[in-house]
Amino acid sequence: MTAIQESDIVRLPRGVRLREDKQRGGWVLLAPERVFQLDGIAQTVVSQVDGECSVGTIIDRLCETYQAPRERIAEDVTAMFAGLVEKRVLEVA
Amino acid sequence: MTHSQAYDVQPPMGMLAELTHRCPLQCPYCSNPVALERRRQELDTATWQRVFAEAAELGVLQVHLSGGEPALRPDLPELVTACVDAGLYSNLITAGVNIDRPRLETLADAGLDHVQLSFQGATPEVTDHVANMTGAHARKRAFAAEVTDIGLPLTLNAVIHRANLHQIDEFVDLAVELGARRLEIAHAQYYGWALVNRAALMPSREQVMEAVERVEAARERLQGRLVIDAVVPDYHARLPKPCMNGWGRQSLNVTPSGKVLPCHAAETIPHLEFWNVADHGLREIWYDSPAFNAYRGTDWMPETCQSCERKEIDWGGCRCQALMLTGDATQMDPVCEKSPYHDEVQTLAVRDASGASEFTYRRFARTTESA
Ligand code: SF4
Ligand code: SF4
């Protein structure tokens with residue numbers, strides 16, 4: 001499994017798009033031949049990905065939003081990103 | 001919603017748009033019907049544009065621009081634009097022998113999201129033989145290089161059968177070498193032209209097992225570098241595949257002339273009534289057309305499926321295959337080991353695996369008019 005560092009900058013590769021799904025409700029990540037339906041938390045996390053700020057910055061921002069211990073958020077976010085990198089719908093810049 | 005359906009119908013996620021049945025290649029496993037639709041029957045640009053808008057409105061997220069060879073439509077860039085305008089994810093499914101650099105750039109600039117390129121073999125000998133086109137392999141390689149050079153994401157698609165099953169490792173190497181993000185290894189599905197050629201395509205059980213192992217090994221070896229999706233071989237299996245993830249549940253297919261089908265082989269079920277986009281809106285077709293409602297949900301299923309815990313996992317398997325192999329489209333897919341026809345299918349697979357290797361190539365039937 002690819003380890004994600006807080007200093008890493010992640011981005012959605014070309015061919016992967018985040019979009020609202022009005023008909024079904026919620027947000028989806030559209031990728032080659034696949035659709036990932038995101039829950040509220042996943043959507044909040046993925047929508048922070050802009051190809052500019054670091055994973056650490058994203059974690060800091062989410063700490064404010066969720067008022068949860070940084071350690072736990074860091075763990076969840078890096079695991080989620082690693083999973084998406086594995087599926088090739090996220091890349092480390 | 002106004003439809004009067006006991007089963008809770010969800011909007012579709014994906015649409016396969018068969019823009020044309022014309023193709024420079026002649027693959028003997030082509031999933032197009034044996035009676036190919038002709039150029040003069042094809043929908044015009046404005047109708048496809050309307051269909052894409054209606055699809056997005058209905059809930060479709062991804063459109064697969066397919067064929068035949070979709071690039072034979074001169075209006076392909078306009079059709080990509082129509083998808084983009086409607087917010088649809090556009091995927092071009094191509095054989096990659098007739099798109100030059102300027103055209104590809106036009107498609108990319110129009111907002112095309114992804115390219116899926118077929119390889120009939122992993123080497124020139126096999127590709128050119130299976131596609132029945134000299135030089136096809138070299139053209140495909142050149143096209144793949146243009147795709148990745150422009151920066152579009154690329155998937156390689158390999159349909160696997162007895163004549164190329166030994167090339168799994170080479171397909172994997174080819175995908176990595178050409179910079180593909182994904183590789184699809186799909187065992188031939190026996191309807192359309194593949195049914196005509198079943199005896200020349202069917203692998204033996206041992207070959208299938210070896211192929212499955214090789215795919216698994218490659219997957220592990222290339223984790224994070226190449227996504228490998230495999231469509232499992234059918235006749236040698238014990239459980240059916242969840243064909244289309246259920247009839248009329250997630251996707252629809254529009255033929256070149258505008259008929260809307262629950263799957264691309266659905267026309268092999270003769271008594272079904274398909275509606276055309278020329279006569280009905282896509283929403284009406286999805287919710288109310290007889291063909292889509294025929295095998296939705298689980299009510300139509302035979303008793304064995306009704307009381308099976310897999311009924312909402314595989315949805316009873318493939319309807320077209322059930323009809324073809326048992327004569328009854330409401331039978332469970334005979335690939336299922338609970339089917340009374342299961343042994344017959346296994347015997348048939350063994351017999352065909354040692355059949356003659358001559359291909360009947362895909363082509364338009366001869367008529368006095370040209371295609
Ligand atoms: S399967 Fe082969 S013949 Fe059929 S449309 Fe695709 S490239 Fe053409
Ligand atoms: S009995 Fe029907 S539902 Fe159960 S596995 Fe077989 S085909 Fe699927």
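Note on B:K311: lysines with a C-alpha under 21 Å away, same-chain residues under 8 apart excluded, are B:K241, B:K338. Can you classify the stretch A:10-86 as rounded, prolate or oblate using the Cα gyration tensor, where a ≥ b ≥ c are the square roots of its eigenvalues, rounded means a/c under 1.5, and otherwise it's prolate if a/b beats b/c and oblate if not? Verdict is prolate for the stretch A:10-86. Within the protein assembly as shown, antiparallel bridges make up roughly 30 percent of the DSSP beta bridges whose residues both belong there.
What percent antiparallel are the DSSP beta bridges of chain B, to the nearest 5?
10
In sequence order, the stretch B:197-210 has phi-based couplings of 9, 4, 5, 8, 9, 4, x, 7, 4, 4, 4, 5, 4, 5 Hz under the Karplus curve 6.51 cos²θ - 1.76 cosθ + 1.60, θ = phi - 60°, and Gly or Pro positions carry x. Residues in the stretch B:241-254 carry Karplus couplings, in order, of 7, x, 3, 6, 6, x, 5, x, 9, 10, 8, 9, 10, 10 Hz; the curve used is 6.51 cos²θ - 1.76 cosθ + 1.60 with θ = phi - 60°, and Gly or Pro positions show x. Distances between placed amide hydrogens fall under 5 Å for B:I228 paired with B:L183, all partners being 5 or more residues away or on another chain.
Amide H to amide H, with H built 1.01 Å from N, B:N157 comes under 5 Å of B:L117, B:S118, B:F119, B:E184, counting only residues 5 or more places away or on other chains. Among A:I4, A:I9, a tally of other beta-carbon atoms within 10 Å of each Cβ gives an order, fewest to most, of A:I9, A:I4.
The calculated FRET efficiency for the pair A:R19 and B:Q250, based on their C-beta separation and a Förster distance of 25 Å, comes to about 0.90. Between A:K87 and A:V35, the simple spin-label model (points 7 angstrom out along Cα→Cβ) gives 1.4 nm. Placing a pseudo-label 7 Å from each Cα along the Cα-to-Cβ vector at A:D8 and A:S47 gives an inter-label distance of 2.3 nm. Compute the separation of the alpha-carbon centres of the stretch B:20-70 and the stretch B:208-253 and state it in Å as a whole number. Using only Cα atoms, the two centres lie 24 Å from each other. On the basis of the beta-carbon distance and an R0 of 30 Å, B:D229 and A:A79 show a calculated FRET efficiency of 0.85. Across the stretch A:31-46, computed HN-Hα scalar couplings (Karplus, 6.51 cos²θ - 1.76 cosθ + 1.60, θ = phi - 60°) run 9, x, 6, 9, 10, 9, 7, 9, 7, x, 5, 4, 5, 4, 5, 5 Hz from first to last residue, x flagging Gly and Pro. Rounded if a/c is under 1.5, else prolate if a/b is larger than b/c, else oblate: which is the protein assembly as shown, with a ≥ b ≥ c the root eigenvalues of its Cα gyration tensor? It comes out rounded by the Cα gyration axes. A protection proxy built from the mean count of other Cβ atoms within 10 Å ranks the segments B:67-73, B:261-267, A:58-64, most packed first, as B:261-267, B:67-73, A:58-64. Residues whose amide H falls under 5 Å from that of A:G26, counting only those 5 or more places apart or on a different chain, are A:D21, with hydrogens built in the peptide plane. One chain, two ends: B:E78 and B:V176. Fully extended at 0.36 nm per residue, the span grows by 32.1 nm beyond their Cα-Cα distance.
Taken together, the values in this text are just the output of simple stated rules run on the coordinates, not laboratory data. The structure presented is a predicted model; accordingly, all values stated were derived computationally and were not measured. Glycine gets a Cβ as well: all are built from the backbone with ideal geometry, and neighbour counts include every protein chain shown.
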